[in-house]
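Below you'll find the structure, written out as structure tokens, and then a few comments.
Derivation of every value follows stated rules applied to the coordinates shown; laboratory data play no part. In this text, all values refer to a predicted model and were calculated from it rather than measured experimentally. Backbone-built Cβ (ideal geometry, glycine too); neighbour counts: all protein chains shown.
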Amino acid sequence: MTQFKFSKVALLVGLGLLSHSAIASDTQTKSEKQIKEKQQLEVIEVTSSGRSTVATKTAMNITALGEEELRRKNIADIKSLIKDSTVISSPGNSARFADSVTVRGLNVANVNANNLERFTTSTLAYYLDSTPLPNIAYRIKDVARVETLLGPQGTLYGGGSLGGTVRYITNKPQIGEFQFDFNTSVFQVKEGSISNDTDMTVNVPLNETVAVRVNVARLDDRGFTDRKMNAVWLAEDETRFGSPDRTQALYKDDDWERTDSTRIQLLWQPSDDFKINFSHIEQDQLAHGTRGASLWDVDKACAAEGLTSEECTYIAPTAPLQVDDYTLQSVHEEYSDRGFSMSSVDLDWSLGFAELSSSTSFYTDERIGQGDYIGEGYIYYGWIPGLGPDDTRESAYMTFDNSNEGISHETRLTSNSTGPLSWIAGVYYTDTDSSLKFWEHFRGLDQAMSDAWGGFDANVEYPDRKEGDIGYFEDISSSYTELALFGELTYAVTDAWDVTVGARVFNWEDKAYKNISDYTGAIGVTEDVSKDEGSGESIFKFNTSYDINDDNLIYFTASEGYRRGGTNGFRDEGDLIVKESTQRFEPDTTTNYELGYKGYMLDKDLYLQANIFQIEWENTQTYYDQTLAGIFPLNGTANGPDSESKGVEMQLRYAISDTLALKLSSASSEAEFTETKTVCLYEGADDMPGQECSTWIEGDKLGGAPKWRHNASLDYNTELGEGYLSANLRARYTDKVLSGRQSRGEDPFIFDAYTTFDASVTYGMDSWNATLWVDNLANDLTQTSYQRVAGPWGYRSINQRPRTIGLNFSYSYY
């Protein structure tokens, strides 16, 4: 498939070179453009407000990173984008994991790595152009800019936008302009192998009304983490048989990633007033292995050091390293193989009185994979004779199959009025299907059950099994549809004062399916279908702004956000019947109050953007679980108590001189429950025997995000010879982070605060530039996440990516 992609590009390049002599070239060289752009503080146009405006003059909390800055900072995916932000947080795990994402302190998920995507949550909405996606692993290639909107954006961007919205805005085909861009990066992580990230873009005008644009990209990240098959404390006759090779003891650089992506676009623009863009995206990602370092089991570490239980002060996430900072222990191979595709058609039509924009997209996102399950395997199946850790050298692993697909359509009208009244109105429809499945495998399980239970045959008892030696299966699926009408109305009270009101009214229907099967018979089988719907739901927005002068404005926003509910896989146990209110968790909503300022000072040498906010979170969705047969956990979600987040945010850009600029950004947020609430699982009195209840206490912190984050950078830009020289030094400070929510005032594990430094130097001329860069200069390996491993097998500490040195080269032909 990759050969096909690159041969297509070669063909288009050839066609473009043949036709180049007939196309007018830009009279300003690229070098001159780049120098001019670097001397300006902020000129990026954004469209998230529904209109094309400059970010610094938009009366909402919006920031944007342009294509050049994205490349300079090596931001090529959502994980690196979040790492660069002061307001969005995630644990920074390996590429194979989906991460829980926290915005402005809104989080109730554990900050760790989990093989199961069902246990990850996000209070951030993701958009690829006009299409909302359940997650966004699409790489940032040939992207004009990334826009980040903070605060609920429910009126224009619908469900899921509780804390903010991130939009990837891709470059579109250009009529009458041939373009060829080539970018490549060669880099090496400390203790790793040499890796490469390359992409090419070609834009070819086929005639005066049609143009095609193609981007292809390949990432070949060779990794740096070695995988050791067995724990260091195991004797030779205690070691486990692993995969893929049952005898290989060590796999070098096991956390590698290979990703191929292609985007093809065809633009037809018969007039200045009308255009249609057809687009198709394909991305294949194989993220192998796990970044991290395995730790000793606490008891075994203490015993090895001769410490008594009273003397031993280790805890699981901070026990001694089994080998070193670059070696992880895993019996079984781990990976995630993901395929993403999206086809869309976008229409723009100027009707005179208004601009009509319509976008229709269909996407599929499928992820299959495997993870080690050694600890869970012995806990869940070790009670079966022959499967205990002292009885077999086999161990468990899990596989998963997650899929999301959907169709999304939006049509909006944006007024062209020159009077005091302007408006946006639109209709939105989505139909999405999702399925999250996983299986637990333990080689020898069927034979052990047959031996223990007198000829018991799981394949006969459960004929729908995927394959033999599977002990557990879970499928939580959903089919969701939504139809919404939305709009915003702005009235210019004076030339300087604007007032905007907005609303979104929507109907939705959610059909849920759950199938949970335990093939050992320990907890049986449950299969159920449920349906929920809402009619006439609504969310609102109010915004007012005042232009102090042409360069300064203040604004106030009150806006609401909404996130859909869902179903759990909880099951009745004997006479204990699960409450309907617990089986089904309801939507949660946020209301944000924000006061902000944007403006230039000191002859426009200084730009400042600052705001304070308070978010009220109602019906907060938080993690909740059921214990089956006294040992087996069944995880889910419940509506906990209301909560609240408060904070401040600031960005500053100061041109110290014509060649030197300073950039600072800071953010602080703190979120906590604002009431005490108890949720019980089963019908009947809360104090009845066997009742499972969870209580959340007013004042407990939600965790998941640092109280403070600061970013600072110093940029130097000057002409040198016939080209330009650019140098950049960046520092990022992240405060300590609670790894999860507090429980009755007790803190979970706390990640330490840390500071990292990055640097880059670029030299460029008319059509090319080269950048030498270093990330994590000091090779700071502070822990930012961990993966729990059940039983006596040692946690995994997941640290910052080690020092990485790279060389980028870019070439453009117009």
Is the shape of the range 236-296 best called rounded, prolate or oblate, per the rule: a/c under 1.5 gives rounded, else a/b larger than b/c gives prolate, else oblate, with a ≥ b ≥ c the square roots of the Cα gyration tensor eigenvalues? prolate
Over 20 Å intervals from 0, what percent of Cα-Cα pairs in the range 2-813 sits in each interval? 14, 47, 32, 6, 0
Ranking of Arg788, Arg96, Arg465 by count of other Cβ atoms within 10 Å, fewest first: Arg788, Arg465, Arg96
Would you please give the FRET efficiency between Trp268 and Lys604, computed as 1/(1 + (r/R0)^6) with r the Cβ-Cβ distance and R0 = 51 Å, to the nearest 0.05? 0.80
For the range 2-813, with the dipole built from +1 on Lys and Arg beta-carbon atoms and -1 on Asp and Glu ones, taken about the Cα centre, which of Ile631, Met342, Val331 lies farthest toward the positive end? Met342
Sequence-distant residues sharing a close amide H with Glu394 (under 5 Å, placed H): Phe241
For the chain, the longest principal axis of the Cα atoms and the Cα long axis of helix 2-19 enclose an angle in degrees, to the nearest 10, of 0
Note on the range 67-195: alpha-carbon gyration tensor, axes a ≥ b ≥ c; rule is a/c under 1.5 for rounded, else prolate if a/b larger than b/c, else oblate; result oblate
Note down the relative contact order for the range 2-813 as a percent, whole number, built from C-alpha pairs under 8 angstrom at least six residues apart. 12
Along the charge dipole of the chain, which of Val166, Ser665, Gly369 sits closest to the positive end, that is, farthest toward it, with unit charges on the beta carbon of Lys, Arg, Asp and Glu (+1, +1, -1, -1)? Ser665
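At a 10 Å Cβ-Cβ cut-off, how would you order Thr678, Thr47, fewest neighbours first?
Thr678, Thr47
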Set the bar at 26 Å for Cα to Cα. Now go through Lys79/Lys141; Lys79/Lys437; Lys437/Lys677; Lys663/Lys707; Lys466/Lys511 and name every pair that lies beyond it. Lys437/Lys677
May I ask you to compute the full-extension gain from Ile577 to Arg51, defined as 0.36 nm times their residue separation minus their alpha-carbon distance, rounded to one decimal in nm? 184.1 nm
For Val774 and Asp401 in the same chain, what is the full-extension length gain: residue separation times 0.36 nm, less their Cα-Cα distance, in nm? 130.6 nm
Lys/Arg +1, Asp/Glu -1 at C-beta; the chain dipole; positive extreme among Phe473, Ile384, Ala448: Phe473
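Over the range 209-313, what lengths in whole Å, largest first, do the semi-axes of the equivalent ellipsoid take, defined as the square roots of 5 times the eigenvalues of the alpha-carbon gyration tensor?
On the way: eigenvalues 594, 59, 16 Å².
Value: 55, 17, 9 Å, ordered largest first.
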Value of Rg to Rh for the range 702-761 (Rh from inverse mean 1/r over Cα pairs, i.e. Kirkwood): 1.32
If I fit a long axis through the Cα atoms of helix 30-39 and take the longest principal axis of the Cα atoms of the chain, what angle between them do I get, 0 to 90°, rounded to 10? 80
Virtual spin-label span in nm between Glu177 and Phe456, 7 Å along Cα→Cβ: 6.9
Tell me, in nm to one decimal, what length is gained between Glu533 and Ala731 on full extension, where the rule is 0.36 nm per residue of separation less the Cα-Cα distance? 66.5 nm
Take the alpha carbon atoms of the range 635-693, find their center, do the same for the range 563-584, and report the distance between the two centers in whole angstrom. 25
Assigned charges on the beta-carbon of Lys, Arg, Asp, Glu; the chain dipole about Cα centre (debye): 2220
Kirkwood Rh over alpha-carbon pairs of the range 87-127, then Stokes-Einstein at 37 °C and 0.692 mPa s: what D in µm² s⁻¹, rounded to an integer? 314
Run the quick spin-label model on Asp551 and Asp642: label points 7 Å from Cα toward the beta carbon, then report their separation in nm to one decimal. 4.3
Where the centre of each part is set by its Cα atoms, how far does the range 372-429 sit from the range 213-260, in angstrom? 24
Quick one: Cα centre-to-centre distance for the range 48-81 and the range 503-546, in angstrom? 32
The FRET efficiency for Ile379 and Ser812, from their Cβ-Cβ distance with R0 = 51 Å and rounded to 0.05, is 0.35
Of all DSSP beta bridges in the chain, what percent run antiparallel (nearest 5)? 95
Please compute the Kirkwood hydrodynamic radius of the range 654-786 from all pairs of different C-alpha atoms, in Å with one decimal. 19.1
If I take R0 = 25 Å and measure r between the Cβ atoms of Thr209 and His280 in this structure, what FRET efficiency does the formula 1/(1 + (r/R0)^6) give, to the nearest 0.05? 0.80
Simple spin-label estimate for Glu618/Val345, 7 Å along Cα→Cβ, in nm, reads 4.0
Placing +1 at every Lys and Arg Cβ and -1 at every Asp and Glu Cβ, with all other atoms neutral, what dipole size does the range 560-711 have around its Cα centre, in debye to the nearest 20? 940
What does the C-alpha gyration tensor say about the overall shape of the range 133-231? Classify as rounded when a/c is under 1.5, otherwise prolate if a/b is larger than b/c, or oblate. oblate
Can you sort Phe456, Phe353 by how many other beta carbons sit within 10 Å, fewest first? Phe353, Phe456
Near-label residues of the range 410-439 by backbone N, under 18 Å of a point 7 Å along Cα→Cβ of Phe353: 412-427
Give me the compactness ratio for the range 60-135, meaning the Cα radius of gyration over 2.2 N^0.38 Å. 1.14
